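In what follows, a single structure is set out as structure tokens and then discussed.
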Amino acid sequence: MAAIKVVLFCGGTGARLRDFSENVPKPMVHIGYRPILWHVMKYYASFGHKDFILCLGYRADVIKEYFLRYNEAVSNDFVLSGEGQVELLGSDIHDWRISFVDSGVTSSVGERLRAVQPYVADDEVFLANYTDGLTDLDLSRYIAEVVDRGTIANFVSVRPSLTFHVVDAGEEGIVSRIDPVSEADVRINAGWYVFRQEIFEFLREGEDLVGPPFDRLIARKELFAHKYDGFWMGMDTFKEKEQLEDMWASGKPPWVVW
């Protein structure tokens, strides 16, 4: 499959992680020795998609400085000679292309997407991601399916990983059923978007992406949800960060498909 550009929404503050990530943008919260943003980019790169457009917002300087000072030796084997000469035995980002775009500190996702329209103006299809979740989805198969389908907007639909329960009760409050939300017939939008260029015709100034633009797409039958029951996990809370850290420490994190 030919390489496709990847738009990454990196402007979030990570408010629910604030006790851990004070003054650090959510995409820069680490899992192991790299931020979750790196894990997402590494995932896309493993499928051949290495042209990234970062929609920056809160603490954009942190993200810029990270890549400007990127140290390949942190996540690759290397040989250190007696005189301090480093010979890398592997590389992460030497063939990546990364555009850093200021999309507004308080902008919504829809506004951030509009801000980078010029960067994908020549692309019939492009990818997009919230950069706050990880998956082992076969990206190539997913892209092939939705491109063949021809819908303008496509996202991955998953079962939520929350520990809440869904309650089914009558008008008088008598419970007839209660199920873990992960086992109930409930799905959420995990992101992992595939968009056609026509998506910009559905976006209006000041609107978020999941809102009026999606309503317009639904009315036109141009929004498709790809159901996926494999591994997916968001990182919205400190507990979820710890769970992802534990998976990384196990040596077999499920999202490492590279």
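The values are calculated or read from the model by the stated rules, or taken from the named source; none is laboratory data. A quick note: this is a predicted structure, and the numbers were derived from the prediction, not measured. Positions of Cβ are generated from backbone atoms using ideal geometry, with glycine treated the same way; all protein chains shown enter the neighbour counts. Calculation scope for accessible area: heavy atoms of the full protein, side chains included, ligands and nucleic acids excluded. Shrake-Rupley method; radii C 1.70, N 1.55, O 1.52, S 1.80 Å.
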**Request:** Tell me the label-point distance for the pair Thr106, Gln243, using the 7 Å Cα-to-Cβ offset, in nm and rounded to one decimal.
**Result:** 3.3
**Item:** Extent along principal axes [Cα atoms of the chain; Å; largest to smallest]
**Value:** 77, 42, 35
**Charge dipole (the chain, unit charges on Cβ, about Cα centre) - positive-most of Ser103, Thr135, Ala121** = Ala121
**Asked** If you project the alpha carbons of the range 121-169 onto the principal axes, what extent comes out on each, in Å, largest first?
**Response** 49, 24, 21
**Message:** Which aspartates and glutamates, if any, have their Cα less than 19 Å from the Cα of Lys64, not counting same-chain residues under 8 positions apart?
**Reply:** Glu22, Asp51, Glu72, Asp92, Asp95, Asp102, Asp132
**Request:** May I ask for the equivalent-ellipsoid semi-axes of the range 130-258, computed as the square root of five times each C-alpha gyration tensor eigenvalue and listed largest first in whole Å?
**Result:** 27, 24, 14
**Request:** Just the number, please: Stokes-Einstein D of the range 183-235 in µm²/s, Kirkwood Rh from C-alpha pairs, 37 °C, 0.692 mPa s.
**Result:** 253
**Asked** In debye to the nearest 20, how big a dipole does the chain give about its Cα centre with +1 on each Lys and Arg Cβ and -1 on each Asp and Glu Cβ?
**Response** 220
**Prompt:** When the helices in the chain are scored as -39500 (n - 2.57) per DSSP H run of 4 or longer and the sum is shared across all residues, what 222 nm value do you end up with, to the nearest 500 deg cm²/dmol?
**Reply:** -6500 deg cm²/dmol
**Request:** Could you sort 188-194, 83-89 so that the peptide with the highest average Cβ count within 10 Å comes first and the rest follow in order?
**Result:** 188-194, 83-89
**Request:** Within the range 131-173, report the chymotrypsin sites (Phe, Trp or Tyr not before Pro) that DSSP leaves as loop and that have at most 11 other Cβ atoms within 10 Å.
**Result:** Phe164
**Request:** Take the solvent-accessible surface of the protein heavy atoms, probe 1.4 Å, and return the percent of it on the chain that carbon and sulfur atoms account for.
**Result:** 49
**Asked** With charges only on Cβ, +1 for K and R and -1 for D and E, what is the dipole size of the range 61-194 about its Cα centre, in debye, rounded to 20?
**Response** 280
